[in-house]
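Everything below concerns the one structure shown next.
Quick note: the coordinates plus some simple rules give every number you see, no bench work behind them. Because the structure is predicted, anything quoted here is derived from the model rather than measured. For neighbour counting, all protein chains shown are included, and Cβ atoms are generated from backbone atoms with ideal geometry for every residue, glycine included.
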């Protein structure tokens with residue numbers, strides 16, 4: 001190979017070496033930017049650990065309970081199995097006992113028995129139902145028949161009532177007329193709302209449309225609903241524990257049932273703590289919710305009502321949080337926090 005070829009090969013090797021060096025540096029840089037895992041980080045709430053006499057212990061597995069807590073941090077104490085047909089623990093647990101198995105009511109039938117890792121599964125007997133989004137304190141009787149001119153489109157089952165709909169004869173044509181009429185009236189209402197929002201002018205913005213279509217509370221303009229409600233504090237001389245406990249009933253009443261599980265899990269309650277509250281108040285949904293909030297308060301004595309309101313906002317329930325705030329102020333359980 002001539003001098004020109006050697007020079008060309010040397011230049012190619014230098015370019016290849018430079019490229020490989022750049023790739024290595026980029027890989028190292030990317031690796032250095034990744035967050036380091038800290039298994040001993042005790043901040044926040046962990047599903048893997050619980051506190052025992054100030055020591056962080058690893059939870060016992062599902063199907064067991066903690067007979068004795070750990071003596072060294074981040075280790076597991078003594079775990080004892082639950083008994084099939086008698087008690088259970090569905091999730092990793094730090095509780096000193098298993099949860100008692102559920103017994104199906106007289107209006108229910110057993111789908112699967114209680115085992116160490118799962119409670120008894122019950123359902124309403126044939127001819128009755130209970131919607132899953134409601135506390136099933138009693139099974140409801142299925143609708144025996146549909147109104148004149150309608151037939152069952154979906155039969156009744158253990159979780160929903162039968163669904164009626166227009167049949168193919170009789171007066172089914174009424175529905176075809178009523179639907180366009182409703183759409184026309186809805187469109188007219190939105191149009192008038194938009195004209196009112198824009199002050200009668202021709203400039204209609206996306207904000208105007210949003211407020212007309214998604215206004216959640218007719219008593220309040222959307223712009224008046226803040227992302228976070230006003231911060232609250234106890235009135236001077238108030239019995240703080242009593243007021244806080246009374247506030248739990250306000251949350252129990254106003255937080256929608258379909259969001260309750262998400263709300264308490266976001267607060268940090270474990271699956272077993274939720275199950276225990278339900279088991280301790282089996283036929284009383286109101287006391288189940290109160291018990292869950294009391295458990296949260298026991299584990300977080302330094303947290304206040306503002307934490308509950310902020311948690312609602314974090315899961316998209318700003319309007320609910322504002323309504324609860326108004327209720328707490330009107331009942332004199334809390335006052336607006338004085339700005340320093």
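Of the peptides 55-63, 255-263, how do they stack up when ordered by the mean number of other Cβ atoms within 10 Å, highest first?
Most protected by this proxy first, the peptides run 55-63, 255-263.
Arrange 337, 299 by Cβ neighbour counts within 10 Å, fewest through most, would you? Walk me through the numbers on the way to the answer.
Values: 337 13, 299 16.
Final ranking by Cβ density, sparse to dense: 337, 299.
If R0 is 41 Å, what FRET efficiency do you get for residue 48 and residue 338 from their C-beta distance, rounded to 0.05?
0.50
Using 0.36 nm times the number of residues separating residue 167 and residue 233, minus their current alpha carbon distance, what extension gain do you get?
Result: 17.9 nm gained on full extension.
Hey, rough spin-label estimate for residue 314 and residue 240, points 7 angstrom out along Cα→Cβ, what's it come to in nanometres?
About 2.2 nm, to one decimal.
I'm a student and want to see the number: the projected area of the Cα convex hull of the stretch 232-336, averaged over all directions, in nm². Could you put the intermediate results ahead of the total?
Working: hull surface 25.2 nm².
Projected area, direction-averaged: 6.3 nm².
Which value in nm describes the separation of the simple spin-label points at residue 138 and residue 97, placed 7 Å from the Cα toward the beta carbon?
Simple spin-label model gives 3.0 nm for this pair.
Restricting everything to alpha-carbon atoms, can you work out Rg to Rh for the stretch 58-99 with a Kirkwood hydrodynamic radius?
0.98
Using Cβ contacts closer than 10 Å as the measure, can you line up 283, 116, 231 from fewest to most? Please list the in-between numbers first.
Details: 283 11, 116 19, 231 16.
The fewest-first ordering by Cβ neighbours comes to 283, 231, 116.
For the pair residue 117/residue 104, report the inter-label distance in nm, with labels modelled 7 Å from Cα in the Cβ direction.
Spacing of the two 7 Å Cα→Cβ label points: 2.3 nm.
Which value does Rg/Rh take for the stretch 45-124 over its C-alpha atoms, Rh per Kirkwood? Don't jump to the answer; show the numbers that get you there.
Working: Rg = 14.8 Å, Rh = 13.3 Å.
Over the Cα atoms of the stretch 45-124, Rg/Rh equals 1.11.
Report the full-extension gain for the segment residue 249 to residue 154: residue separation times 0.36 nm, less the Cα-Cα distance, to one decimal in nm.
Gain on extension, residue 249 to residue 154, equals 30.5 nm.
Compute the convex hull volume of the Cα atoms of the stretch 126-171, divide it by the residue count, and report the result per residue in Å³ as a whole number.
In the stretch 126-171, the Cα hull volume divided by residue count equals 70 Å³.
Quick one: the Cα spread of the stretch 78-171 along its three principal axes, in angstroms, biggest first?
Its Cα atoms span 70, 24, 18 Å along the three principal axes.
Working out 0.36 nm times the residue gap between residue 184 and residue 283, then minus their Cα-Cα distance, what length gain in nm do you get to one decimal?
Numbers: separation 99, 0.36 × 99 = 35.64 nm, distance 4.59 nm.
Result: 31.0 nm gained on full extension.
Which FRET efficiency value, to the nearest 0.05, is calculated for residue 145 and residue 298 with the Förster distance at 30 angstrom and r the Cβ-Cβ distance?
About 0.05, to the nearest 0.05.
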